[in-house]
Amino acid sequence: MPKEKTSIDYVMEKASGPHFSGLRSPTATATSTAFSDANAPRQPFVIGVSGGTASGKTTVCDMIIQQLHDHRVVLVNQDSFYRGLTTEELKRVHEYNFDHPDAFDTEQLLDCIEKLKDGQSVQVPIYDFKRHQRSSNSFRQVNASDVIILEGILVFHDQCVRNLMNMKIFVDTDADVRLARRIRRDTVERGRDVSSVLEQYAKFVKPAFDGFVLPSKKYADVIIPRGGENHVAIDLIVQHLRTKLGQHDLCKIYPNAYVIQSTFQVVEHGLGHLPFTEKQVITPTASVYTGVDFCKKLCGVSIVRSGESMENALRACCKGIKIGKILIHRDGDNGKHLIYEKLPKDISERHVLLLDPVLATGNSANHAIELLIQKGVPESHIIFLNLISAPEGIHCVCKRFPSLKIVTSEIDVALNGEFRVIPGMGEFGDRYFGTDD
């Protein structure tokens, strides 16, 4: 059990002895109670790094790998998947366009990345740039890893390849700098003379960049000007990667589930998911400050009674906010018996922060969400805020409502035989309101 659970406007004392919290579900089976995603394969994080020839892609990749030294990271180069030239193509090698998408074996590249994502080891071909052939008897063994970096000028060109990526980086470097680097690389490493390099650049490389590489820039999530010289951009990328690698595996399955860091407040983090507009204000010193203005139509809805423990924190963040109530019978009927509801009349026009500190089986949460949707609230306008979740509850709610967002501070181990969260922290409402034995 974690040393401390993130709270909202109070600090809960750690429970002693066997404590459970959650919902009782008589229709659930013993198999479902034993459910745990602990044995599910861990999906690696796939990064695509593209950019023009000699833009500094490999340097950026090396810097990311160096900073992620405490994780398993592998680099797969698109250049390894060049097709070997035929006898006829070798006779006219100076007329062959190595910067065209057809120069690569994209199907084999796809197969390689898919196997790595599934946790399998692969053999990556070794391409000889002097002979323009693949090595027939040697391969590079690449094992399953936490992070896969796929680097190449055209890795964003094919949609199937793009769909395998969790992050896409485009390295943007001045054309003159790239040409100078290419001349140095091809003459030193690939045995070509300057004249042939310039001829190839003018005839194939630049047209391919303008026709294929540059248009793929629009697919990038991050654009790095100056390549490896941009240490700030690379540091930010590594920081983001560390956050992603450290998050709960369920957040990788469900992009609408968020586990906040222990230093954050659940309500404040939830507000960060609301739409906003820029707003300029005049400060007391007559300066113009540009800030953000949250959506005007907002309300909270607490699932009685433990959800009421979160209302003070919501009011502290949003003065005068309207708060509705939903009471659902939780014992003996899957949490589906609605006892009472009192909601703002215009709730269909509002974004709703649904409050309940514990998500166990997800039955009560699902019923409350269904009620809000019946009242006209769009699913995407609901943010479910809680403190502790069970994996079963995350699966239950996220699968049923993929457009809704869940913000929690902890995903515990599982549910016990009585469908209560373990380790848990006791009956939340009793502990908060002081009505426990």
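Taken together, the values in this text are just the output of simple stated rules run on the coordinates, not laboratory data. Predicted model, so just to flag it, every value in this text is computed and none were measured. Note that each Cβ is placed from the backbone with ideal geometry, even for glycine, and that neighbours are counted across all protein chains shown.
Kindly provide the helix-only [θ] at 222 nm of the chain, computed as the sum of -39,500 (n - 2.57) over DSSP H runs of four or more divided by all residues, to the nearest 500 deg cm²/dmol?
So the calculated ellipticity at 222 nm is -7500 deg cm²/dmol.
Over the Cα atoms of the range 85-127, what is the Rg over Rh ratio if Rh follows Kirkwood?
1.13
Angle between the Cα long axis of helix 363-374 and the longest principal axis of the chain, 0 to 90 degrees, nearest 10?
Roughly 80 degrees between the two axes.
Would you calculate the separation in nanometres between label points at ASN163 and VAL413, each defined as 7 Å from the Cα along the Cα-to-beta-carbon direction?
Each label point lies 7 Å from its Cα, and together they span 3.9 nm.
I need two numbers for the range 204-312: Rg to one decimal and Dmax as a whole number, Cα atoms only, in Å.
21.2, 69
Checking the table LYS115/LYS217; LYS244/LYS345; LYS57/LYS244; LYS91/LYS218 against a 32 Å threshold on Cα-Cα, which pairs fail?
Pairs exceeding the cut-off: LYS244/LYS345; LYS91/LYS218.
Distances over 22 Å make up what percent of all Cα-Cα pairs in the range 310-411?
That tail contains 26 percent of the Cα-Cα pairs.
List the pair-distance distribution P(r) of the range 296-370, using every Cα-Cα distance, as the percent of pairs falling in each 10 Å bin from 0 up to the bin containing the longest distance, rounded to whole percents.
Spelled out per bin, shortest first, that is 19, 53, 25, 3.
Highest first, please rank the peptides 178-189, 372-383 by the mean number of other Cβ atoms sitting within 10 Å of their residues.
Ranking, from highest mean packing down: 372-383, 178-189.
Under 5 Å between amide H atoms, partner at least 5 residues away or on a different chain: which partners does LEU150 have, H built in plane at 1.01 Å?
For LEU150, whose amide H was placed from the backbone, the distant partners under 5 Å are ILE47, GLY48, VAL49, VAL76.
Counting just the Cα atoms, what span does the range 155-271 cover along each of its three principal axes? Round to the nearest Å and put the largest first.
63, 30, 24
Name the shape class, rounded, prolate or oblate, that the alpha-carbon gyration tensor gives for the range 93-182, where a ≥ b ≥ c are the square roots of its eigenvalues, rounded holds for a/c under 1.5, and otherwise prolate holds if a/b is larger than b/c and oblate otherwise.
Cα axes put the range 93-182 in the oblate bin.
Sorted from largest down, what three extents in whole angstroms do the Cα atoms of the chain have along their principal axes?
Principal extents (largest minus smallest coordinate, Cα): 86, 64, 38 Å.
When you count, for each residue, the other Cβ atoms within 10 Å and take the mean per peptide, how do 390-397, 341-348 rank with the highest first?
The packing order, highest mean first, is 390-397, 341-348.
Angle check, please: helix 175-188 long axis (alpha carbons) against the longest principal axis of the chain (alpha carbons), in degrees 0 to 90, nearest 10.
Between the helix axis and the principal axis of the chain, the angle is about 60 degrees.
Count the DSSP beta bridges whose two residues both fall in the chain, then state the antiparallel fraction as a percent rounded to the nearest 5.
The answer is about 35 percent antiparallel.
Could you sort the peptides 275-282, 56-63, 81-88 by per-residue average Cβ neighbour count (10 Å cutoff), highest mean leading?
56-63, 81-88, 275-282
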